[in-house]
């Protein structure tokens, strides 16, 4: 059964595998290490949402697509927001945290697991997830954490290409992300730069809580000559932030400055191109393990080791 999947995915995997090798990943084929009685699973990790409409179009759709793409794996879901989990529980909707899902998999005999986040950047949510997973790594034969949406330059280009399908038509298309209070917020600025380089010069990236804010970008929007603005959430789901902060507060701020403002309340998970990036990251994780600089320095210190420029 696993061999069938391996052959079907080989060509797609080969195009992905070169992206990280020689840097912070090493080649390691998870499927080849599995014995007859081993069981494999994928845990899709979401922040979560209490909004049923956007959940069906984003979270449910991606989970279904992952199961369709990897039929030999048990695909499970986990939410990281304890607040969302508690609110859903009051409606008799049960969602587990990543650690609770991993405990369930352990108790049901799963040995090889990929934990795939749906966060946008390598920020505080990713740091927390990696630490949690590392704490239970001994419970499995092989436990791996995939990368967020934006990780390699190719990821940025793929995301820019998808976002660029929203036509500007003389408008300024403003993508609004959550943002973060740590230096990782620079990844939003990088996405904006890549979009510009890739020819989507009327698309702008801003954040609600980080850099760049709308106030940092409004002068560039005005300089573009656009009198109309369309606001789009740069978030996996179009939940509270999209409906209140973007379609409410930010829309009103721009209208007060004289812009005609439209909103497209469509979560990133609704875009096929975005879901494809996450699925590619799962494929990559099937064939690669992440290393860290401490491990690599030990290798560099080995007598007779010769450093290569691509490391």
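Overall shape: rounded for the range 166-267, with the ratio a/c of the largest to smallest alpha carbon gyration tensor axis below 1.5.
Note on residue 197 and residue 240: their simple-model spin labels are 3.6 nm apart, each label 7 Å out from Cα toward Cβ.
Expressed in nm to one decimal, what extension gain is obtained for the pair residue 292 and residue 103 from 0.36 nm per residue of sequence separation less their Cα-Cα distance? Spell out each step's value before the answer.
Working: separation 189, 0.36 × 189 = 68.04 nm, distance 2.55 nm.
Length difference between fully extended and current span is 65.5 nm.
Between the range 78-121 and the range 245-262, the C-alpha centres lie 36 angstrom from each other.
Starting from one equal scatterer on each C-alpha and no solvent at all, send me the Debye-based log10 I(q)/I(0) for the chain at q = 0.12, 0.16 Å⁻¹, two decimals. Taking Cα atoms of the chain as identical point scatterers yields -0.86, -1.36.
If packing is taken as the average number of other Cβ atoms within 10 Å across a peptide's residues, how do 233-241, 196-204, 278-286, 164-172 rank, most packed first? Don't jump to the answer; show the numbers that get you there.
Working: 233-241: 23.6, 196-204: 16.9, 278-286: 21.4, 164-172: 15.1.
Sorting 233-241, 196-204, 278-286, 164-172 by mean packing, highest first, produces 233-241, 278-286, 196-204, 164-172.
Output the 0 to 90 degree angle, nearest 10, between the alpha-carbon long axis of helix 272-287 and the longest principal axis computed from the alpha carbons of the chain. The angle comes out near 20 degrees. Radius of gyration (Cα atoms) of the range 214-268, expressed as a multiple of 2.2 N^0.38 Å: 1.11. Our summary of shape: the Cα atoms of the range 254-311 have principal axis extents of 66, 30, 18 Å, ordered from largest down, in whole angstrom. Which angle between 0 and 90 degrees, to the nearest 10, do you get for helix 98-107 versus the longest principal axis of the chain when only C-alpha atoms count? It works out to around 30 degrees.
Where in the range 34-74 does the amide nitrogen come within less than 16 Å of the point 7 Å from the Cα of residue 276, taken along Cα to Cβ? Counting backbone N atoms under 16 Å from the label point, the list is 62, 65-66, 69.
Helical runs (DSSP H, four residues minimum) scored at -39500 (n - 2.57) apiece and divided by the length of the chain put the mean residue ellipticity at 222 nm at -12000 deg cm²/dmol.
Out of 109, 267, 177, any idea which swings most in a Gaussian network model of the chain, alpha carbons joined below 10 Å? Top of the fluctuation ranking is 109.
At q = 0.22, 0.23 Å⁻¹ the log10 of I(q)/I(0) for the range 19-134 amounts to -1.43, -1.49, computed by Debye summation with a single uniform scatterer per C-alpha, solvent ignored. Of 104, 175, the sequence from fewest to most neighbouring Cβ atoms within 10 angstrom is 104, 175.
As a rough guide to protection, the peptides 147-158, 82-93, 179-190 ranked by mean Cβ packing within 10 Å, highest first, stand as 147-158, 179-190, 82-93. Only beta bridges with both residues in the chain are counted; by DSSP, about 10 percent of them are antiparallel. Which of rounded, prolate or oblate describes the range 70-156 when judged by the alpha-carbon gyration tensor and an a/c cut-off of 1.5? Cα axes put the range 70-156 in the oblate bin. Among 298, 266, 141, the largest mean-square fluctuation in a Gaussian network model of the chain (Cα springs under 10 Å) belongs to 298.
Seen against the Cα atoms of the chain and their longest principal axis, helix 153-163 is set at about 50 degrees.
Values in this text are rule-based calculations from the coordinates and carry no lab data. Note that the coordinates shown come from a computational prediction; the quantities given were computed from them, not determined experimentally. All Cβ positions, even for glycine, are placed from backbone atoms using ideal geometry, and neighbour counts span all protein chains on display.
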